[in-house]
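In what follows, a structure is listed as structure tokens, so that the remarks can point back to it.
The values are calculated or read from the model by the stated rules, or taken from the named source; none is laboratory data. These numbers were taken from a predicted model, which means no experiment stands behind them. Neighbour counts are summed over all protein chains in view; Cβ atoms, including those assigned to glycine, are modelled from backbone coordinates with ideal geometry.
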Amino acid sequence: MKRFKLLLFSLLLSVSAWAQYPLVSIDSVQWVHPDSLALGNTLSRLEGDTVRVRGLVIYNPRQHALSTNFKASYLVDTASLATNNWKGLLVRMLTPDSVATQFFNNFVPGNIVEATGVVAEFRGTELNSGETQVDLIPVATQVVGFATPPAPKVVPVSNFMVFDPNDPVVPQKIQKSTGEQYEGMYVEFRNIFVTGVSIFSGNRIAWLIQDASGSQINVRDASQWFRPPFASSTASNPANPNAPVFIQQGKAFEYIRGIITETNFQPPLYPRYEIVPLVQTDLGPVTASPPFTSNFYFTPSAPAVNQSVTVGATIRDLDGSVQSAKLFYAVGLNTGVYDSITMASAGVDTFTAVIPGSALTVNGEYVKYFIRSTDNQGFSAVSPDTSMSFNVFRIVNGGINTLSQIQETPYRNGSSIYAGQRLTGLNIKGVITGTINPNDLGAISFQDGLGANSGIMLRSDVSGNLDLSNRGDSLRITAATVTEDFGITTLTDVQYTFVSNVPVPAPVKISIDSVIARSYEYTEGYESMLVQFDSVYVINQNADAPSNFGEFLIYTDTASVTGLRVRTGPSTNGLSSPAFSATFNVDSLVADEKLDYIRGILTFNFGNWKLIPRALNDVAGFGAPIGSSVEPTTSNASVLNLYPNPNQGSFKIDLYFEKAEKLELGIYDMTGRQLVSQRVAGESGLVQLELNNQQLAEGMYFLQIRGKNSTSTKRFVVKK
């Protein structure tokens, strides 16, 4: 009986909590006055309010493509849906589902539900615009009926975006007065074709479609069916998991259906509406399939004046054959007159053309190019889309000798012109400023100066080809592959020689207001560089409340509500340092706390520029704990050499002691778990230690020598 009473009390409490919030219609959440729209303001009048909303579920949240915990669904209000707008709404679950919420169980397409949450705006760079949503709180959702999901509303793309070919910075102009009423609603565009395809964040695909009105709109990959690797596809016949082919440029479809969303948090950063197809059948039958061009390359990577350049690409036609291909090129970004060269077959699906050196006469000038290919059915495609962007290379006498030559780009999306290219013949000398050691950055940052575009990320791999375990290691990079990793320019497969160990460069001090405002010259130019801000305050301990992603806001005074994001934890994919706990921001900091300084690596992810401190001593008032990385100039004991490396668990260590001291030796795995610990008594001078028969499985490990005020670390690989 007591158990029954407790259960009944819990149910009554749940019902009470569910009923205490007002039930509001979806259009009450979404509606924006025309005068506000005319001023560019699309924010909900109920932003920040906790409400109950009722609507028909049209999307299964289990198919949402984002993280395991961050799931979403869409509701439509069926009342007067045929004649009225403002009827769609994004609903998000930011925390793991629970018995209290029943998100996954109840949000099934066809269910009419009531759900409770906070009205929020997912903002980008514009503070008065955002995607309106309801973030659920732990109050039970209720199924109150059933209905058939509605057919999409057929509308032109021009209701949302209008293409302006004369504005390369903001080529698509958002139409808030005619588009905002459809935010969150299910619509259909007819007779569309793909005008641009690009790859970002490793394997994700951004694509642009156009209808007969000439307007263009981005397609957002929020559904798992449209984010690689594709689970299935009805758009290719037969189904093809290769994303660029599946949505190749120039391919035409009878229709595309999806939800309208508003965003400006991904490059290119300007406000725009996007369409989110939900299921495979949201992309209609193919009506035309032109040739598809991919795998562009040019050689040499950095041609000198009067040196010819070979441009190549893979060109395929899925339903026929490639009849011809031409390379168009122009010297100078502002040049509108192109020369053309017929491309020759250089193997299966491979075509090349040679730009003569006589055309390349100006050192430092950019050369832009594109390819037009035609198949046996007469369909043609241009790649890349010349109305939006170009492939480019640069004439560089003397080769590539600085990071700025790799980082500088004529386009404001921040992507290197060498992305995807293997660069050889490099001569770049720089210094490691952050490492993947325990209690350090969790990634490898590298600088070759203090000016703009002097920083870059280096990616290690499990084979240990980057033995970069100490800040201050000076390297000369001779070859590398350039990639864009979630928008961060990164060098992989790096070939280098070790030069010496030198002091880490002093942090660069830049304007915090400019970074917050995303001023291009104070953001992109300092990506991956060590920067510092002095005399700042913690103005918000948790920038993502009620969720906590370990990010807090800093600014130069306590009155501001807008600040620079600092990410401290938890460590995920190198996006924060493992030196910080997952709740450092709320456990160790206090509101309005003054920090004499805070330094770290400047980076961009999830729509914001952020500072990532490398270790606790990058934050004023927090010392360096045991195991943390410190600068070499303060170290008493240094690991000069560890050999052989790789080894089978037995190796020797050469240590140098500034003075006699008792130290602790530790071996850690990649998760930071300590596997070996022993005391070392060192006299001043050179000391050699030998470790035999360590029971270590194959993999990568860290050796640390820790003293009272110093830490020295070396990475090694065990291969058996």
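A few comments on the model shown:
- Members of segment 679-713 found to be closer than 15 Å to Ser650 by Cα, assigned to a strand (DSSP E or B) and at pLDDT 75 or above, listed by number: Gln688, Leu689, Glu690, Leu691, Gly699, Tyr701, Phe702, Leu703
Rundown of residues vs (1) modelled with pLDDT of 85 or more; (2) closer than 18 Å to Asp534 by Cβ; (3) part of a strand (DSSP E or B), yes/no style:
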site	(1), (2), (3)
Ala591	yes, no, no
Leu595	yes, yes, yes
Arg599	yes, yes, yes
Thr603	yes, no, yes
Arg614	yes, yes, no
Gly621	no, yes, no
Pro625	no, no, no
Ser629	no, no, no
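- Of the residues making up segment 58-84, those that are of a type outside the set (Gly, Ala, Ser) and at pLDDT below 90 number 12.
- The numbered conditions (1) aromatic (Phe, Trp, Tyr); (2) buried (at least 19 other Cβ atoms within 10 Å of the Cβ); (3) over 28 Å from Lys71 (Cβ atoms) are all true for Tyr597 except (2).
- Checking each residue in segment 272-292 for being in contact (Cβ under 8 Å) with a residue 60 or more places away in the chain and either aliphatic (A, V, I, L, M) or outside any loop (DSSP other than H, G, I, E, B) (or both) picks out Arg272, Tyr273, Ile275, Leu278, Val279, Thr287, Ala288, Phe292.
- The residue that is surrounded by the fewest Cβ atoms within 10 Å (Cβ to Cβ), among those in segment 437-447 that are under 15 Å from Thr489 (Cα atoms) and not small (Gly, Ala, Ser), is Gln447.
- Filtered residue count, segment 319-340, keeping only those that are within 24 Å of Val305 (Cβ to Cβ) and crowded, with 17+ Cβ neighbours inside 10 Å: 5
- Enumerated strands (runs of 3 or more DSSP E) restricted to segment 473-548, each holding at least 2 residues that are hydrophobic (A, V, I, L, M, F, W, C) and either under 17 Å from the mean Cα position of the chain (by Cα) or within 22 Å of Asn608 (Cβ to Cβ) (or both): 488-501, 530-540
- Residues located in segment 32-84, provided they are surrounded by 17 or more Cβ atoms within 10 Å (Cβ to Cβ) and among the hydroxyl-bearing types (Ser, Thr, Tyr): Thr42, Ser44, Tyr59, Ser73, Tyr74, Thr78
- Subset of segment 234-250 that is touching a Pro at 6+ places or on another chain (Cβ under 7 Å) and part of a loop (DSSP other than H, G, I, E, B) - its residue that is modelled with the highest pLDDT: Gly250
- Qualifying positions in segment 31-70 - hydrophobic (A, V, I, L, M, F, W, C) and under 24 Å from Gln280 (Cβ atoms): Leu56, Val57, Ile58, Ala65, Leu66, Phe70
Listed here are the residues, each with its yes/no results for (1) crowded, with 16+ Cβ neighbours inside 10 Å; (2) in a loop (DSSP other than H, G, I, E, B); (3) touching a residue at least 12 places away in the same chain (Cβ under 8 Å); (4) touching a strand residue (DSSP E or B) at 6+ places or on another chain (Cβ under 9 Å).
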| residue | (1), (2), (3), (4) |
| --- | --- |
| Val354 | no, no, yes, yes |
| Ser358 | no, no, yes, no |
| Val367 | yes, no, yes, yes |
| Ser373 | yes, no, yes, yes |
| Ala381 | yes, no, yes, yes |
| Asn397 | no, yes, yes, no |
| Ile406 | yes, no, yes, yes |
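- Test result for Thr402, in contact (Cβ under 8 Å) with a residue 24 or more places away in the chain and buried (at least 18 other Cβ atoms within 10 Å of the Cβ): yes
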